[in-house]
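What follows is a set of notes on a single structure, which appears directly below.
The values are calculated or read from the model by the stated rules, or taken from the named source; none is laboratory data. These figures come from a predicted structure and were not determined experimentally. Note that each Cβ is placed from the backbone with ideal geometry, even for glycine, and that neighbours are counted across all protein chains shown.
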């Protein structure tokens, strides 16, 4: 083989991986920018780099400095937590009903769960706004924290159902038969076998819900009234001058999320390895 | 292993039928499996053997008929209420539990205080003590299979059901596990009902084999009896291979009947014929026949067929297989052990005759 | 020879007892499980859409901007389309382009994760999802910085004299780039999921049969991942077509605005804009559902449901 041929072969073998790494770099580039600009000693808005006085640790020392920033972060976390909890419970129940039971209207149920995912967020947001303002407004409902939570639960449910359903469908029905064969009644078959086996699906559904809720801007913007979540805070402040503390918090959330996932994976693989 | 309960009664199926929306899987089946027996349900896929097993386990309920152990009617009871355990096809081990916890699952559900100790004792029986802490996915196919057996055995069931338990193993491991299962069965003395499509597996392991086809039992008995004297065409061909020739009973001659088929008059013992008159299929096993270059003559009258044309000869070491085309009698197989020093030297195209010992021929319903 | 093949052997074909159907019939349990979730979806998904539909038919109270009365005025749809048809065209065009580019970028990544990554699979998976947690608004702002006139991309392109107009932000290129970036993970994950389920041995067999890498890809790998590609294109196209944040943050004042911008401004910036905004939303939803329906019919699979 000539050097040229060898080079060509080497590239052909690794072509997909090389492209994949470039795409991953592309995915991370804005995160890197966010990180770098958290050290920017900017004047009015943290958009262009100011070489004077940069890098500075000022923003990292005082992440809650800008008024409303940490409050909005707290709101995001609370909304995400409640929406995840409720959507995971409701969605898991729906998934069990849709996979395990045959009943009238099952097809319609499947479609009702699917369509919210096929509807653009702006339409969801707009329709919720009209309902909250024109429909529920007369009963004293005000746009704010709870309207955000209600909306987030709604769009998270569909994703939970899809995730849990996939897990349930791939579950070998013989495992539940084996449990019954080994003297487990319906209750203990569910809690000892079915639930532990579906649990990873429920956990990933919950993680997905939280990340969708935490990062949602479009629907939130429509139904939040004066309440601010973290993405909304960033969007609004972009128009007036974005503080670098937003970068500090955005990047920290990224690091925390990665750490949590890594720790989770390590614990998971520990458990799987021989005792 | 004294703590295992001896089986308390025979497993009895009475007129059991299982119909699904568009077909009948099991059709009015009755059978008795004697306690302590190693019983095999043998048949091609779709013959209803697995459905039968699932009805014994309680995973399916019969459309009509009864399932009993001894005098206890189990019909309608749930799987977890029956003193019956199953070794599932592809094992169905709980992937989230360790081997020990898999085995202890049954005793725990029944509230046994020493569930872990029972599990360990049973794991010792299947020689897996050293792997008790592992998860099933970390075991080889043969090890998983033994865990599945232990998980069922630990409960001392009245009847142990095995659903194609060796189907996922390679040939060598399969032979080992056949011996192993047989050893365990002898040691614990439980009733084993083993479902398989592998006739060799059924014959090596079971005391009694029931051959199933289209939801019915074709024939039931000891393997050597089934093989020596099949009663139906299906059994004659499903257990090993047979040369079969359709004809009808022409005459009787003392202990024998004379079957007229393909211009031959063939002799058959009355005791080995499924019918004494009318239409019958004459059969003889290929390894019970011999091949000749010349007409064996009057001495073999009634116990030979020919002339035919040799189509194929294949030498397999211990034996030679011949395939002969006999006019109007179809293709006959002859399987001769290579014992003779001066072997018959035949080539495809030669004219040959086939003969057999009259005691080996059998007659089945056409 | 067929007769001899039988001797001593077992009949071919293993017993393939179908896995028993776990489905239970009806009963209270099913409805108890369904009820809370379905009620939630009825109240917060179906009811809002009904409300939106009625709003889209309302008329403005003459002389009282911001007040409406109940009506069946289909004219709102006409007015919405007359005023916003260029936005519609841009929405579909930009979303289509973004979906195409996302596919081109996502496929090699998903492929490498499924077949080449080995033990690094988990790490790559985390890498795909992790950027989500830096708010997507922040990342879009970062793109504005990356693509700004002083940023590295424009500097290099201008140095090479290959950038007509001299800048990227405030053009449709930036909007499409932003859309592509933001919805890329939604393309990667379903494709990865369907490739992961595929048996690499089949692809190897394809490689043996065709020898040519590209033919193998076109005839074996791609068809096997079609369910994932289908789900991925939908999950990318739908949110992209309804997006307005990228056009707002990366685009220009007028010539790159999408339908979403129209809806948003009619709701929040135009007094009395509710009916037009609602009509726009409904039209957008109808167009997208129609496209999805045709697309699923064409490349169809029920797996999505």
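Take residue C:100 and decide whether it is more than 9 Å from chain A (Cβ to nearest Cβ), modelled with pLDDT of 85 or more and surrounded by fewer than 22 Cβ atoms within 10 Å (Cβ to Cβ). Criteria met by residue C:100.
Could you check, for the stretch A:169-189, whether at least one of its residues is within 18 Å of residue A:109 (Cβ to Cβ) and surrounded by fewer than 20 Cβ atoms within 10 Å (Cβ to Cβ)?
yes
Condition check ((1) under 30 Å from residue B:237 (Cβ atoms); (2) within 11 Å of another protein chain (Cβ to nearest Cβ); (3) at pLDDT below 90) across all residues:
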site	(1), (2), (3)
B:134	no, yes, no
B:148	no, yes, no
B:154	no, yes, no
B:170	yes, no, yes
B:173	yes, no, yes
B:179	yes, no, yes
B:182	yes, no, yes
B:188	no, no, yes
B:196	yes, yes, no
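State whether the residues of the stretch B:237-260 include one that is modelled with pLDDT of 90 or more, out of contact with any helix residue (DSSP H, G or I) (no Cβ under 8 Å at 6 or more places or on another chain) and in a helix (DSSP H, G or I). No: the stretch B:237-260 contains no residue that is modelled with pLDDT of 90 or more, out of contact with any helix residue (DSSP H, G or I) (no Cβ under 8 Å at 6 or more places or on another chain) and in a helix (DSSP H, G or I). Only one entry in B:95, B:83, B:79, B:62 is over 13 Å from residue B:14 (Cβ atoms) and more than 8 Å from chain A (Cβ to nearest Cβ), namely B:83. At least 2 residues being over 28 Å from residue A:144 (Cα atoms), at pLDDT 90 or above and touching a strand residue (DSSP E or B) at 6+ places or on another chain (Cβ under 7 Å) is the threshold, and among the helices (runs of 4 or more DSSP H) wholly inside the stretch A:163-273 those reaching it are A:173-181.
In the stretch B:327-349, the qualifying residues are those that are under 12 Å from residue B:308 (Cα atoms) and modelled with pLDDT under 90, and the one that is surrounded by the most Cβ atoms within 10 Å (Cβ to Cβ) is B:329. Within the stretch A:133-154, the set of residues being within 24 Å of residue C:68 (Cβ to Cβ), more than 8 Å from every other protein chain (Cβ to nearest Cβ) and crowded, with 24+ Cβ neighbours inside 10 Å comprises just one member, A:147. Any chance you could count how many residues in the stretch A:21-69 are more than 14 Å from chain C (Cβ to nearest Cβ) and either under 30 Å from residue C:104 (Cβ atoms) or not in a loop (DSSP other than H, G, I, E, B) (or both)? Total meeting the criteria: 3. Could you tell me whether any residue of the stretch C:289-302 is crowded, with 23+ Cβ neighbours inside 10 Å, within 22 Å of the chain's Cα centre (by Cα) and touching a residue at least 24 places away in the same chain (Cβ under 8 Å)? No, because not a single residue in the stretch C:289-302 is crowded, with 23+ Cβ neighbours inside 10 Å, within 22 Å of the chain's Cα centre (by Cα) and touching a residue at least 24 places away in the same chain (Cβ under 8 Å).
For (1) touching a residue at least 60 places away in the same chain (Cβ under 8 Å); (2) under 23 Å from residue A:191 (Cα atoms), each residue gets a yes or a no:
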position: B:106; (1), (2): no, yes
position: B:117; (1), (2): no, no
position: B:131; (1), (2): no, no
position: B:157; (1), (2): yes, no
position: B:162; (1), (2): yes, no
position: B:175; (1), (2): no, no
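Do we have any residue at all in the stretch B:292-308 that's farther than 14 Å from residue B:356 by Cα, touching a strand residue (DSSP E or B) at 6+ places or on another chain (Cβ under 6 Å) and within 14 Å of chain C (Cβ to nearest Cβ)? Checked against the condition, which is being farther than 14 Å from residue B:356 by Cα, touching a strand residue (DSSP E or B) at 6+ places or on another chain (Cβ under 6 Å) and within 14 Å of chain C (Cβ to nearest Cβ), the stretch B:292-308 yields at least one hit. Checking every residue in the stretch C:135-152 against the condition of being within 7 Å of chain A (Cβ to nearest Cβ), within 28 Å of residue C:290 (Cα to Cα) and touching a residue at least 40 places away in the same chain (Cβ under 8 Å) gives zero matches.
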